[in-house]
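Each reported figure results from applying straightforward, stated rules to the coordinates on display, with no laboratory input. Since the structure is predicted, the reported quantities are computational estimates derived from the model, not experimental observations. Virtual Cβ from ideal backbone geometry, glycine too; neighbours counted across all protein chains shown.
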Amino acid sequence: MSNITNVWEPTPKQSLMLSSIATYILFGGSRGGGKTDAAIRWFLYDIHHEKFRGLVIRRNAKDLTDFVDRANQVWSKYGAKKTGNPAKFTFPSGAVVYTGHLGNQDSYTSYQGHEYHKILIEELTHIPTQELFEKLMGSLRSTESDLTPQFLATTNPGGPGHEWVKEYWKITDIDQENGKKFEEQGISRLFVPANIEEN
């Protein structure tokens with residue numbers, strides 16, 4: 001969508017994330033690195049498609065408030081209407097972005113059988129286990145030829161899931177500065193380190 005950056009200028013790291021075609025993207029690092037701002041714009045590329053379905057997840061439902069408020073400020077300019085609790089955003093085309101949580105081991109069942117073309121987890125390292133993450137990823141799929149499934153996670157260092165996330169993206173000390181892209185078992189993964197100095 002050509003006008004996504006007309007009134008918002010992404011940093012080089014945000015541009016790298018937004019332009020990536022990797023299936024799984026981790027945008028992580030220091031606070032204030034512009035991760036949430038970029039994540040909000042990430043959804044805008046597909047809001048013209050009437051069948052597009054997106055999902056935004058936090059570990060706890062109450063932690064969605066800030067994201068929902070910030071997303072509403074941006075998405076309302078594209079005609080999105082916010083309804084419900086947890087919030088649901090419906091765009092003029094019929095595209096929808098839902099919000100939800102993974103507050104317990106069975107929360108993923110709320111999304112089983114659904115088709116989401118884009119899934120965002122805010123603060124991925126708050127998700128305690130890789131198993132819970134992978135159960136949710138069962139809903140990242142597409143039966144639409146012109147909608148390619150893609151996952152994005154934002155995170156700050158620390159949290160109960162810090163070690164599994166670091167291992168899943170194979171992040172070394174060098175990668176924390178330079179980032180990393182690789183493919184494993186047919187799935188491309190990208191790690192983009194956020195840096196407050198660039199925001």
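Brief remarks follow.
- Over the stretch 142-199, relative contact order from alpha-carbon pairs under 8 Å, at least 6 apart, %: 21
- Considering the stretch 93-199, its Cα convex hull presents a mean projected area of 8.5 nm².
- Space enclosed by the convex hull of the alpha-carbon atoms of the stretch 78-131, per residue, Å³: 111
- Each stretch of four or more DSSP H residues adds -39500 (n - 2.57); spread over every residue of the chain, this sum gives -6000 deg cm²/dmol at 222 nm.
- Net charge of Cβ neighbours under 10 Å - reference residue 108; Lys, Arg +1; Asp, Glu -1: -2
- Charge-dipole axis of the stretch 71-199 as Lys and Arg at +1 and Asp and Glu at -1 on Cβ define it, positive-most pick from 84, 193, 125: 84
- For the chain, convex hull of alpha carbons as volume per residue, Å³: 116
- Globularity index of the stretch 1-119, i.e. its alpha-carbon radius of gyration over 2.2 N^0.38 Å: 1.05
- For the chain, the antiparallel share of DSSP beta bridges with both residues in that region comes to about 30%.
- Close amide H pairs (under 5 Å, H built 1.01 Å from N) link residue 56 with 98, 99, 100, 120, residues at least 5 positions away or on another chain.
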